[in-house]
1. Condition first: under 25 Å from E197 (Cβ atoms), among the acidic types (D, E) and away from the ligand (no atom under 16 Å from the Cβ). Can you find one or more residues in the range 110-128 that meet it?
2. Restricting to the range 129-155, count the residues that are more than 15 Å from the ligand (Cβ to nearest atom) and assigned to a loop (DSSP other than H, G, I, E, B).
3. Determine whether G252 is modelled with pLDDT under 50 and either within 19 Å of the chain's Cα centre (by Cα) or buried (at least 20 other Cβ atoms within 10 Å of the Cβ) (or both).
4. Return the pair list, or none, for Cβ contacts closer than 6 Å from residues in the range 158-181 that are touching a residue at least 40 places away in the same chain (Cβ under 8 Å) to residues that are polar (S, T, N, Q), at least 6 apart or on different chains.
5. Would you please name the residue that is farthest from E44 (Cα to Cα), looking only at residues in the range 212-233 that are out of contact with any strand residue (DSSP E or B) (no Cβ under 8 Å at 6 or more places or on another chain) and among the polar types (S, T, N, Q)?
6. Could you pull out the residue among A189, A162, A154 that is among the small types (G, A, S) and either touching a strand residue (DSSP E or B) at 6+ places or on another chain (Cβ under 7 Å) or buried (at least 20 other Cβ atoms within 10 Å of the Cβ) (or both)?
7. I103 passes all but one of (1) in a loop (DSSP other than H, G, I, E, B); (2) away from the ligand (no atom under 16 Å from the Cβ); (3) in contact with a strand residue (DSSP E or B) (Cβ under 8 Å, 6 or more places away or on another chain); (4) among the β-branched types (V, I, T); which number fails?
8. Collect the residues in the range 170-180 that are part of a loop (DSSP other than H, G, I, E, B) and loosely packed, with under 15 Cβ neighbours inside 10 Å, keeping them in residue-number order.
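The values are calculated or read from the model by the stated rules, or taken from the named source; none is laboratory data. These numbers were taken from a predicted model, which means no experiment stands behind them. Note that we place each Cβ from the backbone using ideal geometry, even for glycine, and neighbour counts take in every protein chain shown.
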Amino acid sequence: MHRRDFLRYMAALGLVAGVGRHLGLPEEVWAAPPGAGPAISADEALKVLQDGNARYLEGKPLHPHQGRDIRALTAAQGQHPLAALLSCSDSRVPAELVFDQGIGDLFVVRVAGNVAATDEIGSLEYAVEHLSTPLVVVMGHSQCGAVNAVLENANFRGSLPALLAPIRPAVARAREENPGVTGDALLAAAIKDNVWEAMKDILQRSNLIKGAVKAGSTKLVGAYYELDTGKVEWLGPDPGLEKLLGGAGRGGAKTRAREEKKPDKQEE
Ligand SMILES: [Zn+2]
């Protein structure tokens, strides 16, 4: 369908001109025909998420894109999510609510501990490759039970050991980098290290996403959600990104975390 026809279709649906205008969303997000490529930049997408979280924090959500019109439009015309999100399955981290978004806005991959293994990476690749999603966010959250279970060396059964295995390097690193730190502070450090770990796993295991990040068509950023306040802290791209993109091998995120947290530490 041509863009003009598509806009006519939108009008026929009775969509208010500029569904997203009051949200600061470029109209093109909803006007782009399927396969047209990203109609919004990574920075614009990030701003939409930041603004949505601000509304959520203030208790003034708009609950956008949740009506029959958007449901019909996206069902008929396909999806153009502005961001892909790898987040935890924890019931206290509902992605669309946290960012005050709706139908068709977010491509969400939720798994305990927001680990990036084959299925998660494949899902993100689908968003980047086939939906031209400009922004990929890996978001951990405070009090993450999955990370805490690894930290406490809990006895896992069933499929849990395999699921949680990717968290182990992050927990080991958090311990190493935070000598003497215990309790909630150590858990928070491990959760953030686990975000970097997932981002590193994505770049090291997906040539497709690595290529998109390298080409500048997609941005990969980390985030940390505070359960009690509702605030999303943006961690940014991996400061060791260039090394990771250059195929420097494992350890890019590790180096970054050490440099960031222990700038005065001489020995490595
Ligand atoms: Zn969790």
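1. yes
2. Total satisfying the criteria: 6.
3. yes
4. Here the result reads I167/N194, each pair linking the range 158-181 to a residue that is polar (S, T, N, Q).
5. Only one residue tops the list, namely T229.
6. A189
7. In the conditions (1) in a loop (DSSP other than H, G, I, E, B); (2) away from the ligand (no atom under 16 Å from the Cβ); (3) in contact with a strand residue (DSSP E or B) (Cβ under 8 Å, 6 or more places away or on another chain); (4) among the β-branched types (V, I, T), I103 misses (3) alone.
8. P179, G180 - these are the residues of the range 170-180 that are part of a loop (DSSP other than H, G, I, E, B) and loosely packed, with under 15 Cβ neighbours inside 10 Å.
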